[in-house]
Amino acid sequence: MKVKIKIMKRCNIETVYRMRDPMFNVLYKKSLRFLGLRLRSIKEMRQKIQEWLYKDEMLLERKILVEEQVIEQLVEDRFLDDQRFAEEWVLSRMRSNPRGEIVLRMELAQKGIDRNLIDDVMQKIKDDSELDPEIDQMRIGALKLGEKYAKRLSQEEDRMFVLKLSQSLSRKGFSGSLVKNIVDELLSKRYNAM
């Protein structure tokens, strides 16, 4: 009984009303399980809820209302946060599947992240790398990917090595100056290894 009272004190009246709605409860629990796999943007979560609701036989206005209530509650409970999602997405991509700033911006926009928020996240990454050049995630990612491509291109002559490596890194969205630096570094490593 005491636990119930404490929970009720933290919830506002609207939240208590929502919790009594069986459709809200079902969607909220499904949403929590879906968010348990990885962070999601609000747009991704909205699309998934719409997918779940599509199968249901309720009025459109009711579907829209329940969808909005679930999204609002997830944001209020801090399970959905586009800022945190964008930061985690960029860092995750730089660690596991390196991409340049151009591609990362495009991916975040496709996930429904606001352009200003994307600018803020990318600026934060740049600021962090300026404070400590050893944690320059963009450079680390480009170098990691460049080394992978350099192994494949080890039999190529220098001119083709530079051309193919530059094209590969550029296609992944890395800036021209970063591509040039990485190619120069890998080319010098190639000469030193001979």
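Scanning residues 5 or more positions from K172 or on other chains, none has an amide H under 5 Å from its amide H, with H placed 1.01 Å from N in the peptide plane.
Taking the fewest neighbouring Cβ atoms within 10 Å as the starting point, the ordered list for R105, R78 is R78, R105.
From the Kirkwood radius over Cα pairs of segment 82-135, Stokes-Einstein at 20 °C and 1.002 mPa s returns a whole-number translational diffusion coefficient of 191 µm²/s.
Among 29-38, 45-54, the peptide with the highest mean count of other Cβ atoms within 10 Å heads the list, and the full ranking is 45-54, 29-38. Sorted ascending by nearby beta carbons within 10 Å, beginning with the fewest, M23, M160 become M160, M23.
What's the FRET efficiency of Q167 with S92 using the Cβ-Cβ distance as r and R₀ = 22 Å, to the nearest 0.05? The value I calculate is 0.30.
Throughout, read-outs are computed from the coordinates displayed, never taken from laboratory work. Owing to the predicted nature of the structure, the values given are computational and were not obtained by experimental measurement. With ideal geometry, Cβ positions are generated from the backbone for all residues, glycine too; neighbour counts draw on all protein chains shown.
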